[in-house]
Structures are given as C-alpha cells and as structure tokens.
Amino acid sequence: MPEAIEVRKVPIHSVADASELARLIDEGVMEASRVIAIIGKTEGNGGVNDYTRIIADKAFREVLVEKGAPADQVKQIPIVWSGGTDGVISPHATIFATLPAERTEPSDDLRLTVGFAMSEPIKPEEIGYVAMVEKVAAGVKAAMAKAGITDPADVHYVQTKTPLLTIHTIRDAKSRGMKVWTEHTHESMDLSNGTTGLGIAVALGEIEMPTDADIMHNRSLYSSVASCSSGVELDQAQVVVVGNTRGIGGRYRIGHSVMRDALDADGIWEAIKDAGLDLPDRPHWTDLEGRLVNVFLKCEVSQDGMVHGRRNAMLDDSDVHWHRQIKAAVGGVTASVTGDPAVFVSVSAAHQGPDGGGPVAAIVDLGEGEPTGYRWTR
C-alpha cells in the first residue's frame, strides 16, 4: 500500500535557489528523506541548451542531501524541470513527499498517490518510432503499480522526461549504421514529447498501439493526461504517475480535463472541478480560497494557424519561435483562471491533448483547517 502524499508549491527566487524547499523541511512540513518527486518551471529558454534545468536540479538535490536524505536515494528522485517562464509564468517547484501514518489525515475517499519508474534506455534511433512508444508504455505501467493504481481511470497526470536528439547522439547512431527521425535537434524535442505521449496513451488504454507512420502525423491520437518534457539530462524515460486511490488518506486529490484550444479557460476550470472542488457555475479565482495547489498544462500551437476562427502568425514567425509564443499566451490564460502566475505550463504537446489544446491536471487541498494552497491578497 502506498503512503499518503504531502504536496506543496514553492517559488524559486533565482536560478540556483532552493531555499523554499529548505524552509518546508525546517518547518516540519515534510522530511527530506520522504521527498519522492519534484516538478517545476525554470526561467531559461526552454530549448535544447537550457541549462537552467541542470542548475535547478543541482540546487534542489543539494538541499535534500544537506537536510539529511541519503545521497544515493536523492540521485534517484525524479526531478522534472520544464524550462521557459515566458510571459507572466513565475519560476516555481511542486514538491511531493510521503507522510508517515501518524501524520496522515484519515479519509476513505479518493486521495492523491504518486508512483515513479524509469524505462529501459532509449536509443537515439528509437526516438520517433514504435520502439520508444513500447518502452514508455512499460514504464507507465510500472509507475502505476508503485502508485497503487489498478484502474487507468484513476490516473490523472503522467509527467515524463525523455531524451531528445543532440549532435552527439545523432553522431553515435550514425556510427552504428543507424538513422534518426530528424537531424534538427530542436525539432527532436517535439518528436520525443509526442512519441512519449503516445506511449502514455497506449499504457492507459486511450489508444491502440500506433504505427511509425502515425507518430507526429495522426494528431487524432493523443493522451488526455500526458505531460511530456525532454532534454539532454538522461537517456531513459523518467515517468511520474499521479492519480488517486482509496485507503491511504491525506488532504489532496487530483483531477484532469483538456483545453480544446489556447483560449479554453473552461478546460482549466473543469480540471479543478474534477479534482473535487465545489465551485459556482461561473467561477472566479477568488472562489479558490487557497484550495488549489497547482495546475499542470501542456500547450501546442494549432496546426492550422487559427484560434477561434482567427488567423495568427506564430508558425510563420522567424524572430520568436512558436514554442515561446504559445507558452506565454496559455500561461496568461491559466494565470487569469488561478490568480497565481506560478503555474506549470509546458509547450510541445504533440499527441498530448487535442490539436491546438492540451491536457490540464489540477491538484486541490480537500483537508481540514487552513488550506495549503496560494492565496493572493491585494
């Protein structure tokens, strides 16, 4: 049986800052040795050479070791950083830790659970092909088992980090007589994310196994709970499954929905309501009253270059890549819903939600007493 989860969102005050994690541990909110996953936004360019992810990773792991967690254990903790806080998005981290039974708020209802797994190593020539889909799917199933989830309907968010292609790995594949899907390293970010999204969809029974020809082309195939990031940090799929289960207790629950397009604020509200908050028919961010811990979104420019029947120029802009433009746009829409710019909005959502939209997951605090989420007062 998995243990109950404590989850908190903290601001990051500079690229190498992990002081708010240290504060949570010092105040007894969570123990360093019980931290099991961290998911956050850093303020780099969000591209292949976004080293803010590596800097933040080092800072957070060092704090965990300094506060008493074994170094070997800390090395294995999945820490997923999404680079790029374009627009109003604020750098932050969401930290997940287990709670001992004596500190767990009892509940017979569905409550938050988290599972983690690593896939088999993914070769550069497998990125963009069914071989990668199969390895990701196996990793998702392993993470579900660790989370104590048997019904895929109880999975509401799957955050992954997978390798992308670099000049070095492309050269490695060629040296072994293999070919790669693309030799454009930035394009390989979309490719890795999209292939991973299909692996998640297969594992959860959302789709049947796709063909190589479907990958990045058949956008009708997607997962409604996938949030896929990629980078140069690893050569495996790092998989974090977040869902609900009964019997473990705790304060928190997760729900999900999808944004149908870049302006679909209702999709964000639907995810928050799916998590269990009772809200008015036309809610406002002041109705959240500190009960929302965080929302996690993927976004993608629509392939037809349109939103609500109006043309945009994101795909034709040679000055600012569409990754940064759609991230800033959806980040603004999301912050207007939550009243908090510290939202996890990540770009490159091929096969993650419908074309031009993306999945939304929301974690809420349903516990007794003072809520633990962010509440801004003027």
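The values are calculated or read from the model by the stated rules, or taken from the named source; none is laboratory data. Model, not experiment: these values are computed from the prediction. Cβ coordinates were reconstructed from backbone atoms using ideal geometry, including for glycine residues, and neighbour counts include every protein chain displayed. SASA here: full protein model, heavy atoms, side chains in, ligands and nucleic acids out. Shrake-Rupley method; radii C 1.70, N 1.55, O 1.52, S 1.80 Å.
Classify the range 222-363: rounded, prolate or oblate, from the alpha-carbon gyration tensor (a ≥ b ≥ c, eigenvalue square roots; a/c under 1.5 rounded; otherwise prolate if a/b is larger than b/c)?
It is oblate, given that a/c is not under 1.5 and a/b is not larger than b/c.
Around VAL258, which amide H atoms from residues at least 5 apart in sequence, or from another chain, sit under 5 Å from its own amide H, with H modelled in the peptide plane?
Placed amide hydrogens put VAL360 under 5 Å from VAL258.
So for the chain, averaging the separation of alpha carbon pairs under 8 Å that are six or more residues apart and normalising by length, what relative contact order in percent results?
21 percent
If a paramagnetic tag sat 7 Å from the Cα of VAL88 along the Cα-Cβ line, which residues of the range 287-329 would have the backbone N under 12 Å from that point?
Answer for this model: 329.
Given a 1.4 angstrom probe, I'd like the percentage of the accessible area of the range 298-378 that is carbon and sulfur, rounded to a whole number. Please list the in-between numbers first.
Working: 1650 of 3530 Å².
Looking at the range 298-378 in its full context, I get 47 percent from C and S.
Using a ≥ b ≥ c from the Cα gyration tensor of the range 182-231 (square roots of the eigenvalues), is it rounded, prolate or oblate, where a/c under 1.5 gives rounded and otherwise the larger of a/b and b/c decides, a/b for prolate?
Verdict is oblate for the range 182-231.
Counting only residues 5 or more places away or on other chains, whose amide H sits under 5 Å from the amide H of ARG253 once H atoms are built in the peptide plane?
So ARG253 has HN proximity to LEU112, VAL364, LEU366.
Using packing as a proxy for protection, rank 261-269, 79-87, 221-229 so that the peptide with the highest average count of other Cβ atoms within 10 Å comes first. Let's see the in-between values first.
Working: 261-269: 19.0, 79-87: 23.7, 221-229: 26.9.
With the highest mean Cβ count within 10 Å placed first, the list reads 221-229, 79-87, 261-269.
Quick check: at a probe of 1.4 Å, how many percent of the accessible area of the range 135-273 sits on carbon and sulfur atoms?
Whole-percent figure for carbon plus sulfur exposure: 51.
Sorted by mean Cβ packing within 10 Å, highest first, what order do the peptides 165-176, 233-244 take?
Ranking, from highest mean packing down: 233-244, 165-176.
Skip the ligands, DNA and RNA, and give the accessible area per residue of the chain with a 1.4 Å probe, whole Å².
41 Å²
What residues have an amide H closer than 5 Å to that of GLY231, excluding those fewer than 5 places away on the same chain, when H is modeled at 1.01 Å from N in the peptide plane?
Amide H neighbours of GLY231: THR162, LEU164.
Filter LYS9/LYS135; LYS41/LYS146; LYS75/LYS179 down to the pairs with a C-alpha to C-alpha distance above 27 Å, please.
With Cα atoms farther than 27 Å apart: LYS9/LYS135; LYS75/LYS179.
Specify whether the C-alpha gyration tensor of the range 55-185 places it in the rounded, prolate or oblate class, a ≥ b ≥ c being the square roots of the eigenvalues: rounded for a/c under 1.5, otherwise prolate if a/b is larger than b/c and oblate if not.
Prolate is the answer for the range 55-185, as a/c is 1.5 or above and a/b outweighs b/c.
Could you order the peptides 133-146, 8-21 from most to least packed, using the average number of other C-beta atoms within 10 Å per residue?
133-146, 8-21
Per residue of the range 239-246, what does 6.51 cos²θ - 1.76 cosθ + 1.60 with θ = phi - 60° give for ³J(HN,Hα)? Whole Hz please, x for Gly and Pro, Karplus curve as stated.
The phi angles translate into 10, 10, 9, 10, x, 10, 8, 9 Hz.
What is the antiparallel percent of DSSP beta bridges lying wholly in the chain, to the nearest 5?
Close to 70 percent.
Using alpha-carbon pairs under 8 Å, 6+ residues apart, how would you state the relative contact order of the range 241-351 in percent?
Details: 132 pairs, mean separation 29.1, N = 111.
Once divided by the residue count of the range 241-351, the mean separation gives 26 percent.
In what order, largest first, do THR334, THR52, THR377 sit by accessible area if the probe radius is 1.4 Å?
Most to least solvent-accessible, the answer reads THR377, THR52, THR334.
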